[in-house]
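Working notes, structure below.
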Amino acid sequence: MAVLSFTLMPEAAAKVHDLLVCLGKFSDTVAIEARRERFTFTALNSSKSAYAALSLDAKQFFTSYECIPSQGSPDGRFTCSMYTKALLSVFKGRLYDPLGRDGAIDHCEVSVQDRPDQTECRFIIKMICNQGVIKTYKLTYEATEVMHALFDRNVAKNRWSMHAAAMKEYIEYFGTKTEMLDIFAGEDGRAVFKSYTEKITNGKEILKHPLVTAVAVNTSDFEEFNVQMGLHIIISVKDFKAIVVHADTLKTSLKAFYSQPTRPLQFSYGCDGLLCEFTLMTSGDYNAAPTPTPAPQMPSRANSRAQSTANERPDMRGGRLEMPPPVEPASRRSTRRRNPGSRKARSPRSAEPDPDSLFIQPDEDDARWEPVDYNNEEETLGWDASAEHGSVAFPTFRDSGTLSRTETEDNNEAIAPTQRVSQVKGLW
Amino acid sequence: MDDEDEHPVLTAVSNSARQLYHLLRCINFSDKAHVQISEEGLRFSVDEASVMEGSAFLDKSLFTSYTFRATPPQPRQHEDSDEEEEDEASSTPTFQISLPSLLETLQIFGLTDPNNSKPPWARDNSTSTAFSNNVLGMNNMCRISYDSIGAPLSIILTESTISTTCNLTTYEPDFADEIPFDRQSLAFKTIMRGSWLFDAISELASTSPESLSLYARMARGKPFFALSASGPLGSARVEFSQQQQPTPAPPPTNPNHPSAPDAQPNLLETFQLSDPTSTLRSTYKFALIQKAARAMSVATKVSIRSDTQGVLSLQFMIEVDAGAEGAKVSFVDFRFVPLVDEGEEGYEADETILGIEADHDEGTKDEI
């Protein structure tokens, strides 16, 4: 059975607190993946538009670290998920206090009780305080599979990097209620960070007021700025703020990698054995920017795809962004005519394998994508009935009549269920 | 009762309403508080469903002047001799008042420290004489008086030239029985810093538990005290063990002596177990214990006692600032009725705790 135990010094425990605060802004639950050489916290937000993976290096970050995955586990890892809130109540603030006042700890021991001969499976965290006080927490956890969003930095030609402290000053100007952030590489040697909210009215009632804050930064203020001129890319302000605030606690530089709108963007930073990577969906009019044609990217496309959910665009539902559907090649379009016309209106894209899509293509090798070997397709389908935890890319059944009908109709197109669930969520 | 009361039952003057407020705030978990007036001071007690009670004693030393006049003997002459009991009760008048109102009243001028602040509208003190209020320490006074049984409790607060009189309605006493706690047959007693207990309770609160379990035993000759709680998200336990003490605690055969006196402040100052060979375990409702949290946070020390029936007594020693005279000590008491032991489930948890504790002990032993 899996053995996982490690020890943290107060400084490291305080960093765990900081990262949990950051992950808490993305998701209620945090998934844990422990491997022999590293320990990773991941979080996927509820709209599947942002994915965070924070890896702690086994040698650098921990005082001691031992992870022996169970024999049966296919790829040598221990995974589980827990409530962020529960972990945060253990990894409180002020764990690290140089003066050693109350609340400060001497060290922190974490182990997982996962043996069948013990009555309870628990994630055990032991905070050893200075004066002989020991606080032990036994948290329940849920066994889950952890998936990772893949991101191919070779494709992401647009890069910039800036010290998080400077970036933190800029985000303070963004309005608290704003939703979107447009990162624009101007042609006058400036980058513009514009936070805004689209005005939404319902009849005469104004539901959301437009509020725009634009922060223009000279590109010379960046440590590195290598972005195609005139490129707009739009992400969520809330995510960006959470990332910058956390990066600032590490006093490090924030690096951004992206290719073009509608393709994932990655923020990356880290120090002292902590590596943080956030893969975010982006939006924006990708036709507007004079981007290179997608063709050169095709060879590496398989690697650049994030997991299918990362590309979902929940904002399309709100109608805030007018985003053209991806261009569909004529060959694909012809296949759609087989579908009944009534369905076409509701889900024009669901049956269309889009060559530019990040979704899994039916004709591609799915096996590489699956985190574990799904030899038995039938079992796999029944595996997750809740469909609410992080890994939506698993094939799931829904108790919805329309969906099941869609499935039968799609049979001849042989699209993997992986694709459908995510698309259904995006369109309904 | 009905004749001229030129001699009120109680007149007490304090120069710091703040002190009284801080003490009474510790037991502010119920609407009504019983007030018992005696020669030694005022005793405020509150009660929750007869399973928890808290009381704060305002010693007469907290007041600059304290005059208690037992109820005049006239009632006895008026009434029949069979009212012996009432007479006895009336010698220490008891009544109920609304505790939240009293607390509101006491902080009517805010909670500024009288000794180092004056109201912003106060004039400059250049014209003060030897008899001015500031010099006499009279600019911030709280006068409590209770004229006779049935009369309102009147509180007069004075600050500079402003004085406020509040009359709080008194009610008939409601209960007389307090939770029995047998001081003679203690099962367990320990004294520790109040902030440790507060810290532990707030840690345990994060699991949103129903009940709180208390464990005490001698672990390899060393005192061991733990609080444990479990909720839907998991369980949490805070252990206090005397691991920094290099010399072992007194042998368990000598339980009625406190731990060896130590130069450095011990985590558990006193540790007594009536039966050191076994583990004491009792369970209390967490929500009730949490009501004592305010007292824990301000207390310097807390004495945790449990009698053989499992009734838990928490006695908090609270230092109130008494200006130049140095710190005075007041006590706030809580008593809790235990929950009935749930049997097997409890034993299982018990064993887990002991098993892990034993492992840990081994570890520390090796380190040492």
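Annotations
- Estimated vicinal HN-Hα couplings, Hz - the range A:228-243 in sequence order (Karplus 6.51, -1.76, 1.60; Gly, Pro = x): 4, 4, x, 8, 9, 9, 10, 10, 8, 5, 4, 4, 4, 4, 4, 5
- Each Lys and Arg Cβ is given +1 and each Asp and Glu Cβ -1; about its Cα centre, the range A:1-156 then shows a dipole of about 260 debye.
- With the cut-off at under 15 Å, measuring from each backbone N in the range A:213-251 to a point 7 Å along the Cα-to-Cβ line of A:ASP285 picks out A:230-234.
- Relative contact order of the range A:158-295: 27 percent, from C-alpha pairs under 8 Å at least 6 residues apart in sequence.
- Segment A:SER47-A:LYS177, extension gain: residue separation times 0.36 nm, minus the distance between their alpha carbons: 45.0 nm
- Per-pair calculated FRET efficiency, R0 = 41 Å: A:SER64 and A:ASN154 via Cβ, rounded to 0.05: 0.70
- The range B:141-156 - phi-based ³J(HN,Hα) in whole Hz, Karplus 6.51/-1.76/1.60, Gly and Pro as x: 10, 10, 10, 10, 9, 9, 6, 7, 5, x, 7, x, 7, 10, 10, 10
- Segment B:SER65-B:SER297, length gained on full extension (0.36 nm per residue, minus Cα span): 80.6 nm
- Going from the fewest other Cβ atoms within 10 Å to the most, the residues A:VAL133, A:VAL30 appear in the order A:VAL133, A:VAL30.
- Neighbour cut-off at most 15 other Cβ (10 Å), DSSP loop, trypsin sites (Lys or Arg not before Pro), the range B:172-225: B:ARG183, B:ARG220
- Taking other C-beta atoms within 10 angstrom as a stand-in for reagent exposure, B:SER185, B:SER235, A:SER55 fall in the order B:SER185, A:SER55, B:SER235, fewest first.
- Within-13-Å neighbourhood charge of A:ASP221 [Cβ basis; K, R +1; D, E -1]: -2
- Whole-Hz couplings from phi, Karplus 6.51/-1.76/1.60, listed for the range A:143-159; x for Gly and Pro: 6, 9, 8, 9, 10, 10, 7, 8, 8, 9, 6, 5, 7, 6, 7, 8, 9
- Linear extension gain, B:GLU210 paired with B:ASP177, 0.36 nm per residue minus alpha-carbon span: 9.2 nm
- Using a Förster distance of 41 Å, the FRET efficiency for A:VAL192-A:LYS251 (Cβ separation, nearest 0.05): 0.95
- Residue-count net charge about B:GLY54 - beta-carbon cut-off 9 Å; Lys, Arg +1, Asp, Glu -1: -2
- Taking amide hydrogens as placed 1.01 Å from N in the peptide plane, the amide H of B:LYS32 sits under 5 Å from those of B:LEU99, each at least 5 positions away in sequence or on another chain.
- Net charge, B:GLY41 excluded, C-beta distance under 9 Å - Lys, Arg +1, Asp, Glu -1: -1
- By the Stokes-Einstein formula, at 1.306 mPa s and 10 °C, the range A:193-286 with its Kirkwood radius over alpha-carbon pairs has D equal to 104 µm²/s.
- The shape of the range B:265-315 comes out oblate: with a ≥ b ≥ c from the C-alpha gyration tensor, a/c is at least 1.5 while a/b does not beat b/c.
- Arranged from fewest to most other beta-carbon atoms within 10 Å of their beta carbon, B:LEU153, B:LEU106 become B:LEU153, B:LEU106.
- Projected label points at A:SER111 and A:ARG94, each 7 Å from Cα along the beta carbon direction, are separated by 3.0 nanometres.
Read-outs throughout are calculated quantities, based only on the coordinates presented, and are distinct from any laboratory measurement. Predicted, not measured: the structure shown is a model, and the values here were computed from it. Cβ atoms come from the backbone with ideal geometry, glycine included; neighbour counts cover every protein chain shown.
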